[in-house]
Amino acid sequence: CGAEGGSDYMELAVNELKKSYGKKEVLKGVNYVFTPGIYGVLGVNGAGKSTFIKLIADYIKADSGEIIFDGENITALKRNFRKKLGYMPQQQDIYKDMTAQSFLYYIADLKGVKRREAALQVEELLNALNLKQYRYDKMGKFSGGMKQRILLAQALIGNPQVLLLDEPLSNLDAKLRVKMREEIREIQKKYEITMVFVTHDQEEAMVLGDQIAIMDQGKLVQIGKPEEVYLHPQNDFARDFLGISNRFTDIHGNTICCRPEELEFAAEGSVKGIVR
């Protein structure tokens, strides 16, 4: 499903990306350059997470701004021409009467992958996602986890350099979520591509993401490694959104914030009070 080693890496950047629905501004000028790795995009409902990823995948159109891929402005290009961007939707109606193999061949044909190359890619993805033994089974009989694997496989058809995942684990139980996390991580390592996934699950983002992007009211308020964002939040929202934060006011009126694990008892101290 593509050469290993990262030599085919292509840069993805967004410049001043904006989107409104009526009078509501959903995205307010988002800027970032994505490098290889896994990005977890976090935020409350309505923060603009799914809109952001759908704009890049061309499932909706931006009001203004640019999407730059490999040095080319692809903002005006339709979905079929964004060959190197794969998209896994949160939910998608699969063809229940089609087998897993025939469905992947169908997707390959839609993406313009030649038959011989499609055969190689389908075989590799069936193996990589543990679907080989179900290749001739109709997808209507698939479990939730198997359906998610098929949606991931169809997004990977065509050798994308960037994979966009919208709540990829939201419909799975706890055990399957953990297993799919591992599989997504292995896919990223194997093909050395950029993955951007939307999630509302903080633990999922912390465990799976090389980088965490926190969105608030249509803007990216902070991006960084999980431990960096957790320990050094850049504003009140990032601090309060990710994990638990304690806030104190000292005898001089200064506000002190800290995580629970940063607290420890001292034999003596200058401040006396009651811990509630």
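The values are calculated or read from the model by the stated rules, or taken from the named source; none is laboratory data. Small disclaimer: the values here were computed from a predicted structure and weren't measured. Virtual Cβ from ideal backbone geometry, glycine too; neighbours counted across all protein chains shown. Accessible surface is based on the protein model in full, side chains and every heavy atom, while ligands, DNA and RNA are left aside. Shrake-Rupley method; radii C 1.70, N 1.55, O 1.52, S 1.80 Å.
Does residue 122 satisfy the criteria of being touching a strand residue (DSSP E or B) at 6+ places or on another chain (Cβ under 9 Å) and either open to solvent by less than 50 Å² (accessible area, probe 1.4 Å) or touching a residue at least 24 places away in the same chain (Cβ under 8 Å) (or both)? Spelling it out, it is not the case that residue 122 is touching a strand residue (DSSP E or B) at 6+ places or on another chain (Cβ under 9 Å) and either open to solvent by less than 50 Å² (accessible area, probe 1.4 Å) or touching a residue at least 24 places away in the same chain (Cβ under 8 Å) (or both). For residue 211, are the conditions met, namely being surrounded by fewer than 18 Cβ atoms within 10 Å (Cβ to Cβ), in contact (Cβ under 8 Å) with a residue 12 or more places away in the chain and under 15 Å from the mean Cα position of the chain (by Cα)? Answer is no for this residue. The residues on offer are 219, 225, and the sole one that is modelled with pLDDT of 85 or more, touching a Lys or Arg at 6+ places or on another chain (Cβ under 6 Å) and basic (Lys, Arg) is 219.
So, in region 163-180, of the ones that are at pLDDT 85 or above and either among the hydrophobic types (A, V, I, L, M, F, W, C) or open to solvent by 30 Å² or more (accessible area, probe 1.4 Å) (or both), which residue ends up farthest from residue 70 (Cα to Cα)? Applying the filter and picking the extreme gives 165. Among the residues of region 43-68, the ones that are among the basic types (Lys, Arg) and more than 16 Å from the chain's Cα centre (by Cα) come to 1 in all. Would you mind finding the one in 222, 234 that is closer than 26 Å to residue 44 by Cα, part of a strand (DSSP E or B) and not aliphatic (A, V, I, L, M)? One residue alone meets the criteria, 222. Is one or more of the residues making up region 36-48 without any contact (Cβ under 8 Å) to a residue 60 or more places away in the chain, out of contact with any Pro (no Cβ under 7 Å at 6 or more places or on another chain) and closer than 26 Å to residue 190 by Cα? Checking region 36-48: not a single residue is without any contact (Cβ under 8 Å) to a residue 60 or more places away in the chain, out of contact with any Pro (no Cβ under 7 Å at 6 or more places or on another chain) and closer than 26 Å to residue 190 by Cα.
The residue of region 239-261 that is modelled with the lowest pLDDT, among those that are charged (D, E, K, R) and open to solvent by less than 100 Å² (accessible area, probe 1.4 Å), is 250.
Based on this model, can you work out whether residue 155 counts as closer than 25 Å to residue 112 by Cα, aliphatic (A, V, I, L, M), outside any strand (DSSP E or B) and more than 12 Å from the chain's Cα centre (by Cα)? The answer is yes for residue 155.
Within region 189-202, count every residue that is under 16 Å from residue 166 (Cα atoms) and either polar (S, T, N, Q) or not in a strand (DSSP E or B) (or both). Counting residues in region 189-202 that are under 16 Å from residue 166 (Cα atoms) and either polar (S, T, N, Q) or not in a strand (DSSP E or B) (or both) gives 5.
The residue of region 128-145 that is modelled with the lowest pLDDT, among those that are open to solvent by 30 Å² or more (accessible area, probe 1.4 Å) and either aliphatic (A, V, I, L, M) or over 18 Å from residue 106 (Cα atoms) (or both), is 144. Selection of region 184-201 for residues being surrounded by fewer than 17 Cβ atoms within 10 Å (Cβ to Cβ) and under 19 Å from residue 90 (Cβ atoms) yields 200, 201.
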